[in-house]
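K.L.:
The structure follows.
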């Protein structure tokens, strides 16, 4: 009986404490291992994100290279986007390359998907590009809507609706039969944008009452929120390349 009491009062608490310590140490070890594993997973996720971003930029550069090879009537120079202004995200971008690289004001700027804007300001080693999504009233582009492989309709891109993400075109010839999905390209009129640059695709047509014109809504071909590289367009071929 005394032995049982001795075990209960002394030995058992020590064994219980020892078991608790062992369990706590095991738990702490597992927690540490779990923490190490989680840190490794976090690093792996970060590395994967960086790798995917690198692959995306490589694809973008390859698309620009293919575009440059297909536009043999123009001189295209690639430039990296340096930054966007937080208070004018959809209006301007800053690109590497300026007067030292031959960039000039009013030269057209494109991505692999289509026209995005024109050069507005040039410094020695950088430039500011005014995007077509800007609400600038002077940001107009003469365009053509392709009706058939051999016929087009003249129009003027004069606005952008940030709520719908669509360009607004004023159609000059209301007799033209416009279909949804028709391709819209620059016409070359006005002397700023060369002819043949892709702008977008017809989304819908709105006939204006008591007017000889019509409003055409166009979905841009370029993705204005996500591009890291652009091409500055100069008409004619650079024989030095």
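The values are calculated or read from the model by the stated rules, or taken from the named source; none is laboratory data. Please read these numbers as outputs of a predicted model, since none were measured by experiment. Quick reminder, even Gly has a Cβ in these numbers, built from the backbone with ideal geometry, and neighbours come from all protein chains shown.
K.L.:
State whether one or more residues within region 147-158 are in contact (Cβ under 8 Å) with a residue 12 or more places away in the chain, more than 30 Å from residue 98 (Cα to Cα) and under 27 Å from the mean Cα position of the chain (by Cα).
P.N.:
There is at least one residue in region 147-158 that is in contact (Cβ under 8 Å) with a residue 12 or more places away in the chain, more than 30 Å from residue 98 (Cα to Cα) and under 27 Å from the mean Cα position of the chain (by Cα).
K.L.:
Now for a separate question. Which residue out of 134, 195 is surrounded by 12 or more Cβ atoms within 10 Å (Cβ to Cβ), in contact with a helix residue (DSSP H, G or I) (Cβ under 9 Å, 6 or more places away or on another chain) and within 29 Å of residue 80 (Cα to Cα)?
P.N.:
On the way: 195 fails: in contact with a helix residue (DSSP H, G or I) (Cβ under 9 Å, 6 or more places away or on another chain).
Unique residue meeting the criteria: 134.
K.L.:
Tell me, please, whether a residue that is touching a helix residue (DSSP H, G or I) at 6+ places or on another chain (Cβ under 9 Å) and assigned to a strand (DSSP E or B) can be found in region 116-127. Spell out how you get there, then give the answer.
P.N.:
Looking only at region 116-127, we keep the residues that are touching a helix residue (DSSP H, G or I) at 6+ places or on another chain (Cβ under 9 Å), and these are 122-125, 127.
Filter once more, so that each one left must be assigned to a strand (DSSP E or B): 122, 127.
The answer is yes, given that some residue of region 116-127 is touching a helix residue (DSSP H, G or I) at 6+ places or on another chain (Cβ under 9 Å) and assigned to a strand (DSSP E or B).
K.L.:
To continue, here is another question. For region 207-219, which residues satisfy the criterion of being surrounded by 12 or more Cβ atoms within 10 Å (Cβ to Cβ) and at pLDDT below 95?
P.N.:
The answer is 208, 213, 214, 215, 216.
K.L.:
Still on this structure, I have one more. Can you tell me which residues in region 83-115 are assigned to a strand (DSSP E or B) and surrounded by fewer than 13 Cβ atoms within 10 Å (Cβ to Cβ)?
P.N.:
Taking region 83-115 as the starting set, the residues that turn out to be assigned to a strand (DSSP E or B) are 83-84, 92-96, 108-111, 114-115.
Answer for region 83-115, where residues must be assigned to a strand (DSSP E or B) and surrounded by fewer than 13 Cβ atoms within 10 Å (Cβ to Cβ): just 83.
K.L.:
Counting just the residues of region 163-199 that are under 15 Å from residue 221 (Cα atoms) and not in a strand (DSSP E or B), which one comes out nearest to the chain's Cα centre (by Cα)?
P.N.:
Selected residue: 165.
K.L.:
Testing residue 159 on (1) at pLDDT 90 or above; (2) under 16 Å from residue 141 (Cβ atoms); (3) not in a strand (DSSP E or B), one condition comes back false. Which one is that?
P.N.:
(3)
K.L.:
Related question: Among residues belonging to region 174-191 that are without any contact (Cβ under 8 Å) to a residue 40 or more places away in the chain and surrounded by fewer than 15 Cβ atoms within 10 Å (Cβ to Cβ), point out the one that is nearest to residue 108 (Cα to Cα).
P.N.:
That would be 191.
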